[in-house]
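Reviewing the structure listed below.
None of the figures in this text is laboratory data; all of them are computed from the coordinates on show. Not measured: the values here are computed from a predicted model. Note that each Cβ is placed from the backbone with ideal geometry, even for glycine, and that neighbours are counted across all protein chains shown.
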Amino acid sequence: MNNKALCGLRRHRMSPRALFCGTLIFLFSVIPAFSLTSRLERGITLYGESRWREAVIELRRAEAEARNTDERAEALYWISLAELSAGEYGASLEDMEELERAAPESRYAGELSYHKGRVLFYLGRWDESAVLLRDYADNTGDAVKKAAALYWIGESLFAMGQFEEARDVFALITEQYPQSAKFEAASYRLALINQKKVESELLEMLKWSHEESLKSVEDYQRRERFYDQALVAYQKRFADLDGGGLSAEEYRRQLSAAEARISELEALLNISGGTDRQRRLREIRNQAVETEEYLQSGRSGGGQ
């Protein structure tokens, strides 16, 4: 290298101060991206290791350091999944809704509706979950994802007590998606629903049998009361017939005496012919007839 070239190099050589400043500018331009990427990757790794709460902490830092909407959306998506896996459903739903507000067109918008449907299911909002997941299942072209969405629809219907509708959904999974990861779970639910159906039918039969038994018992008790009343009535009639100790022979004797009295009064009537005596005679005769009829009814009753 000639002297002229060396002099050119000396003239363009950076001073130590300029070199230091240039290095700082470079580092500040590179480190944030490196830091975000490493934190996000670290958070995703922790999520994959089922260390969900640690993942949330690391991902929150990545969210705080995000330089644009896409980076923040990335962090929020994985935060919401980590919270979902940790059972922090309320927090997960809040972050999902924040992601929808902050980046409605993010690349996670489609998948987010599936996970949001699961969160709603765990929060007991089954009807909302079923509607959201149905929309997702209708719009996804991935058979695996569709089967997964259908499974959670079935779970929502099952939770709401709509067993027949849930049965149809689980049957659809077992028939059309036998390779799905939800096949075994759907088969189990089908067996459980069928068992519940049998139990329901047996309970209905038992209820019907119990009602019939109650009717039979009530009918028996009603007849028993009737027989008891009839027995009391018969006992009263016999007591009346006995007359407090009078026998049938005594009744016949009294009847004969009454008839003799009637004959005597008739004779007196023929002699006197008084109107008062005629009326009295009719009264005595009627009493005698009634006494005889009652005695006869008592005898006929005693033979039953």
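Values for this structure:
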quantity	calculated
J(HN,Hα) series, the range 146-151, from Karplus relation 6.51 cos²θ - 1.76 cosθ + 1.60, nearest Hz, glycine and proline x	5, 4, 5, 5, 4, 4
Cut-off 13 Å between beta-carbons: net charge of the residues surrounding THR174, Lys and Arg +1, Asp and Glu -1	0
Estimated vicinal HN-Hα couplings, Hz - the range 132-141 in sequence order (Karplus 6.51, -1.76, 1.60; Gly, Pro = x)	5, 6, 5, 4, 5, 4, 6, 9, 8, x
Peptide ranges 56-65, 70-79, 176-185 listed from the most packed, as the mean C-beta count within 10 angstrom indicates	70-79, 56-65, 176-185
The range 55-69 - phi-based ³J(HN,Hα) in whole Hz, Karplus 6.51/-1.76/1.60, Gly and Pro as x	5, 4, 4, 5, 6, 5, 5, 5, 5, 5, 8, 4, 9, 8, 5
Sequence ranges 98-107, 186-195, ranked by mean other-Cβ count within 10 angstrom, highest first	186-195, 98-107
GLU65 long-range amide H proximity, modeled H, under 5 Å	none
